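K.L.:
Handing you a structure now.
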Amino acid sequence: MAEKFYAAMRNLPLSPAQKEVAMLLAQGFSNEKIGERLHIKLTTVKDHIGKIFIKLDIHRREELLPKLLAFG
């Protein structure tokens, strides 16, 4: 499953920063923990998440992992 996940990450229509955020989000990290891990502000994390949701046509965090795996 990990191979499929990483293959999906390469195929996503996201910027490199958005891919990093999406990977952490899919692993269950909170917005605050993502910001700490990537050394970015909470507002930047929220902005990236909003753009990820728009680009992947999802509306909730729970929809992210199935969508990522579909790209693999």
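The values are calculated or read from the model by the stated rules, or taken from the named source; none is laboratory data. Note that the coordinates shown come from a computational prediction; the quantities given were computed from them, not determined experimentally. FYI the Cβ positions are ideal-geometry reconstructions off the backbone, even for glycines, and counts take in every protein chain you see. Accessible surface areas use protein heavy atoms only, side chains included; no ligands, DNA or RNA. Shrake-Rupley method; radii C 1.70, N 1.55, O 1.52, S 1.80 Å.
K.L.:
Exposed (fewer than 13 other Cβ atoms within 10 Å of the Cβ) and either assigned to a helix (DSSP H, G or I) or at pLDDT below 90 (or both): does that describe G50?
P.N.:
Numbers: exposed (fewer than 13 other Cβ atoms within 10 Å of the Cβ): yes; either assigned to a helix (DSSP H, G or I) or at pLDDT below 90 (or both): yes.
Spelling it out, G50 is indeed exposed (fewer than 13 other Cβ atoms within 10 Å of the Cβ) and either assigned to a helix (DSSP H, G or I) or at pLDDT below 90 (or both).
K.L.:
Taking the stretch 11-46 as the region of interest, how many residues are modelled with pLDDT of 95 or more, open to solvent by 60 Å² or more (accessible area, probe 1.4 Å) and part of a helix (DSSP H, G or I)?
P.N.:
Residues flagged as modelled with pLDDT of 95 or more, open to solvent by 60 Å² or more (accessible area, probe 1.4 Å) and part of a helix (DSSP H, G or I) within the stretch 11-46 amount to 7.
K.L.:
For the stretch 55-68, check the following and say yes or no: at least one residue is exposed (fewer than 12 other Cβ atoms within 10 Å of the Cβ), at pLDDT below 90, in a helix (DSSP H, G or I) and over 11 Å from the mean Cα position of the chain (by Cα).
P.N.:
Start the filter on the stretch 55-68 by keeping residues that are exposed (fewer than 12 other Cβ atoms within 10 Å of the Cβ), which leaves 57, 59-60, 62, 66.
Then drop every residue that is not at pLDDT below 90, which leaves 66.
The next check asks that each one be in a helix (DSSP H, G or I); those that pass are 66.
Next cut, over 11 Å from the mean Cα position of the chain (by Cα) only: 66.
Yes - at least one qualifying residue is present in the stretch 55-68.
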